[in-house]
Amino acid sequence: MKFSATSTVAATLLLAVLTLAGCKKDEAINNTGKFTLSMDNGVTMPGTNGPVFNSLVLNTGAYVNAAGDDFTVTTFKYYISNIKLLKADNSAYTLPKSYYLVDQSKPESQELTMSDIPVGDYTGISFMVGVDSARSKAGNFTEAALSSNNGMLWTMNGIDEFINLNMSGYSPRSPSGGLTFHIAGYQHSTTNTIRTVTVPFPAANSPMQVRADHSPEIHMQVDIAKMFTGPNPVRFSSVYSVMGGAPAVQIANNIAAGMFTVAHIHAN
């Protein structure tokens, strides 16, 4: 069998094109990675050698807030959404359609693994505590995290809105014995409880490296006691049942002021 020079050149070009396409495909695969956001809910309390963060135990855990009020938590769940990874040059990567419901009664909901993240070095993370008003107004509350069956959606004055954070429990300091804190509202500037928090990564773990073969885990501590201290200190003797409104706004400000911190980052 004879091969012409033309057919040899064509075969060589075809091989080059296929090789280049394969290289580009490999490069595309290697341009993304993933990370996990591990939400450790708890309360910081005095210890023998200083403050100690105690992971939350529902129904039986006994905790004390900064004002000295004893309390036990029976329900603790909240939304985080609109997640961004921050870089040292002030640029950011925004994760598309990032809505998560963290529920203390469901351990799997506290491990949030996020994929298709551009490889890079990141110095912090930003997210909303709650669900943005645009998503609330869009309706169609059927997808898992935003399902109306989660007990985190109510109707106020004929308008559907999400409960951004729900903490319930009991305290001997409460006149009723019970604690109910539904931090909700977006309809008016005076009752908007949606807050964005920005949390820098610890110096020892910054920048956090996302690579195709390297998937870090961010250990986020969520200190419930910080709901009741900060700009607007709360005593359970007078504030123990909050269902939106001005008291919810004050607690939302407390939440934004320091409830979320990054303790450390694994495998960085």
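The values are calculated or read from the model by the stated rules, or taken from the named source; none is laboratory data. Keep in mind the model is a prediction, meaning the values are calculated, not measured. Glycine also receives a Cβ, built like all others from the backbone with ideal geometry; neighbour counts cover every protein chain displayed.
Out of all the residues in segment 171-179, is one or more at pLDDT 95 or above and charged (D, E, K, R)? Looking through segment 171-179, at least one residue is at pLDDT 95 or above and charged (D, E, K, R).
Okay, residues lined up against (1) β-branched (Val, Ile, Thr); (2) on the phi > 0 side of the Ramachandran plot:
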position: ILE117; (1), (2): yes, no
position: GLY139; (1), (2): no, yes
position: MET156; (1), (2): no, no
position: ASP160; (1), (2): no, no
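Number of residues in segment 229-256 that are surrounded by fewer than 18 Cβ atoms within 10 Å (Cβ to Cβ), within 19 Å of VAL197 (Cα to Cα) and in contact with a strand residue (DSSP E or B) (Cβ under 9 Å, 6 or more places away or on another chain) equals 1. Taking segment 43-80 as the range and being under 30 Å from LEU153 (Cβ atoms), hydroxyl-bearing (Ser, Thr, Tyr) and either touching a helix residue (DSSP H, G or I) at 6+ places or on another chain (Cβ under 6 Å) or touching a residue at least 24 places away in the same chain (Cβ under 8 Å) (or both) as the test, the residues that pass are TYR63, THR72, THR74, THR75, TYR78, TYR79. Screening THR196 against (1) more than 15 Å from the chain's Cα centre (by Cα); (2) farther than 22 Å from LEU56 by Cβ; (3) not small (Gly, Ala, Ser) leaves a single unmet condition, (1).
Only a single criterion out of (1) at pLDDT 95 or above; (2) surrounded by 16 or more Cβ atoms within 10 Å (Cβ to Cβ) is not satisfied by GLU111, namely (2). For segment 124-160, the set of residues classified as touching a residue at least 12 places away in the same chain (Cβ under 8 Å), assigned to a strand (DSSP E or B) and more than 28 Å from THR261 (Cβ to Cβ) consists of LEU153, TRP154, MET156, ILE159, ASP160, listed by residue number.
Got a sec? Which of SER136, SER91, SER98 is among the polar types (S, T, N, Q) and either out of contact with any strand residue (DSSP E or B) (no Cβ under 6 Å at 6 or more places or on another chain) or surrounded by fewer than 16 Cβ atoms within 10 Å (Cβ to Cβ) (or both)?
Matching residue, one of SER136, SER91, SER98: SER91.
Inspection of segment 202-218 finds no residue satisfying the criterion of being over 30 Å from ASN30 (Cβ atoms), part of a loop (DSSP other than H, G, I, E, B) and modelled with pLDDT of 95 or more.
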